[in-house]
Amino acid sequence: MDYYESVVVNYLRTDRAIFLNTECCVQLNQAKNPDTSGHHWYCDAVALDLRAEMVFLCEISYAKQLPDLIKRLKGWHDHWELVCHALNRDSFVPAHWPVRPWLFVPEELVSLLLKRLEQVRGAESLKYVPRITTLEMVQPWKYPAYNRVGEADKPASIPPDMKA
């Protein structure tokens, strides 16, 4: 886990309704060894929001062009139904809980991320609506350490449907 992953994990854990599995393997094909079973990803964190009854696939990136993040989002988009099924099968997530990516990137990369998401979807609709939080917002001095109540509003560069 790199430095920013631990900062984001601490940010997520501050909300007592969220439970995490870090470096969680999301494996499309059921098998004993994910390395031989086909498509799989080690997600930075899978967050279960018990308040909202929702699952978040949390990914953190600060790479200038976001290449690995976009590749992962494309893979998820191409196999979205199987990703959701894998979470139900292997993590026992209730099938009626919605699944969304939750992306953590620097504020200066939000516009690039939105442009790349358009490329991921291609001619069809994006199969998920990601939540986006800037890395600047997860700094521990930006929110109360016991419940995240009173955290700052997200920047205007993030579309409304990707803020909550």
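Scanning the range 114-164 for residues that are touching a residue at least 40 places away in the same chain (Cβ under 8 Å), touching a helix residue (DSSP H, G or I) at 6+ places or on another chain (Cβ under 7 Å), surrounded by 13 or more Cβ atoms within 10 Å (Cβ to Cβ) and closer than 23 Å to Val9 by Cα returns Tyr128, Pro130, Arg131, Leu135, Val138, Pro155, Ile158.
One residue stands out among those in the range 1-34 that are over 18 Å from Ala145 (Cβ atoms), among the aliphatic types (A, V, I, L, M) and in contact (Cβ under 8 Å) with a residue 12 or more places away in the chain: the one that is surrounded by the fewest Cβ atoms within 10 Å (Cβ to Cβ), which is Met1. Select from the range 122-137 the residues that are assigned to a loop (DSSP other than H, G, I, E, B) and either of a type in the set (S, T, N, Q) or in contact with a strand residue (DSSP E or B) (Cβ under 8 Å, 6 or more places away or on another chain) (or both) and write down the one among them that is modelled with the lowest pLDDT. The selected residue is Ser125. Condition check: under 26 Å from Val120 (Cα atoms) and modelled with pLDDT of 95 or more. Does Glu59 satisfy that? Taking the combined requirement at face value, the residue satisfies it.
Residue-level check: of (1) in contact (Cβ under 8 Å) with a residue 60 or more places away in the chain; (2) in a loop (DSSP other than H, G, I, E, B); (3) charged (D, E, K, R), Asp90 misses just (2). Only one entry of Leu114, Leu73, Leu69, Leu82 meets the criterion of being part of a helix (DSSP H, G or I), touching a His at 6+ places or on another chain (Cβ under 8 Å) and not small (Gly, Ala, Ser), and that entry is Leu82.
Report yes if some residue within the range 74-85 is in contact with a Cys (Cβ under 9 Å, 6 or more places away or on another chain) and basic (Lys, Arg); otherwise report no. Looking for residues that are in contact with a Cys (Cβ under 9 Å, 6 or more places away or on another chain) and basic (Lys, Arg), one finds none in the range 74-85, hence no. Against the list (1) surrounded by fewer than 18 Cβ atoms within 10 Å (Cβ to Cβ); (2) in contact with a Pro (Cβ under 7 Å, 6 or more places away or on another chain); (3) modelled with pLDDT of 95 or more, the condition Leu103 fails is (1).
The values are calculated or read from the model by the stated rules, or taken from the named source; none is laboratory data. None of the values given here were measured: they were computed from a predicted structure. Neighbour counts run over all protein chains shown; Cβ positions are idealised from the backbone, glycine included.
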